[in-house]
Amino acid sequence: MADLFMKQAKQYVGARPTYPPELFKFIASKTPCHDLVWDVGTGSGQAAQSLACFYKNVVGTDTSIKQLELAPKLPNVRYERTPPVLSWNELEQIVSIQSNLDLVTIAQALHWFDRRSFYDQVKWVLKKPHGVIAAWCYTEPEVNEAVDAVFEPFYATTDPFWAPELKLVDDRFSTIDFPFEPVEGTDHTGPFEFVAERFMNLEEYFTYIKSWSAYQTAQEKGVELLRDEVIESFKRAWNEDGHEQKVARFPVFLRLGKVGNL
Ligand SMILES: C[S@@+](CC[C@H](N)C(=O)[O-])C[C@H]1O[C@@H](n2cnc3c(N)ncnc32)[C@H](O)[C@@H]1O
């Protein structure tokens, strides 16, 4: 799986959405202190760079060195490559000592994790009782009626190439195991809904599709998902309104909880 993200690191940084400031404001309003965050599966720093505006320090970890190499270098963000599951010693050396973190974030990555061991480690590093875990995913982009009408049947053809873990994303993280307590001011752990946007031309829209793990998997099986006739249909739909640049809107689904006293 990590391999998928290595091969597609460039497409990833070139086509994924920017998360909205409201998402980070909402999360930051739920942590009493704003000292240290661990952004796990940080990729090329999509969330880490925004977290760096709200928290004094961010540690961004990922299994893919190629993704990390494309992350923006910021004075208060430290990027580290890790194995998929950290030993307790690695956790302490690379991420944090016990009960020291205000927040752990996982953006579009929790479905890939071995969550049982990961949650044990999250509980160990978070401050008790108010340390917060925020995990979100986003689903496929909505552009306009014409483009979405081409996208829907096309997306159905990609079904055999998605890993089973992606079902959790299709379910908008509503079924993902999430053993944490509601934070102050809420009575559940989500999903809370937001929208991420990206201004795109058609080439970037195709780059987004090429950044899918399913696109990579299909290629490895000798299948080109973006066949000529699919490309032509998208072109016709995209050009219908005469605007080359369009806003793609990605629905975001946030699970949010605090660690409690354990
Ligand atoms: C879909 S990308 C999300 C990247 C970024 N957080 C974002 O919001 O766009 C998933 C990332 O999770 C990383 N990843 C997958 N399994 C991981 C694990 N067990 N530990 C750390 N990173 C992992 C992948 O290398 C990839 O960069």
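Couple of notes before you dig in:
- Condition check for ALA163: among the small types (Gly, Ala, Ser), within 24 Å of HIS34 (Cβ to Cβ) and within 13 Å of the ligand (Cβ to nearest atom): no
- Taking every residue in the range 205-217 that is under 14 Å from PRO164 (Cα atoms) and pairing it with any residue that is more than 14 Å from the ligand (Cβ to nearest atom), at least 6 positions away or on another chain, the pairs with Cβ-Cβ distances below 7 Å are ALA214/THR158; ALA214/PHE161; THR217/PHE161.
- Test set (1) in contact (Cβ under 8 Å) with a residue 24 or more places away in the chain; (2) in contact with a helix residue (DSSP H, G or I) (Cβ under 7 Å, 6 or more places away or on another chain) - THR82 fails condition number: (1)
- Qualifying position, being among the aliphatic types (A, V, I, L, M) and closer than 25 Å to ARG115 by Cβ, among VAL169, VAL230: VAL169
- Across the range 95-142, the number of residues qualifying as assigned to a loop (DSSP other than H, G, I, E, B), over 18 Å from ALA52 (Cα atoms) and more than 16 Å from the ligand (Cβ to nearest atom) comes to 7.
- Hits in the range 237-262 - residues which are part of a helix (DSSP H, G or I) and either closer than 24 Å to ALA107 by Cβ or touching a residue at least 60 places away in the same chain (Cβ under 8 Å) (or both): ALA237, TRP238
- Some residue of the range 55-66 being more than 24 Å from HIS34 (Cα to Cα), near the ligand (Cβ under 8 Å from one of its atoms) and within 20 Å of the chain's Cα centre (by Cα): yes
Each value in this text was obtained by applying a stated rule to the coordinates, not by laboratory testing. Model, not experiment: these values are computed from the prediction. Here Cβ is always computed from backbone atoms with ideal geometry, including for glycine, and neighbour counts include all displayed protein chains.
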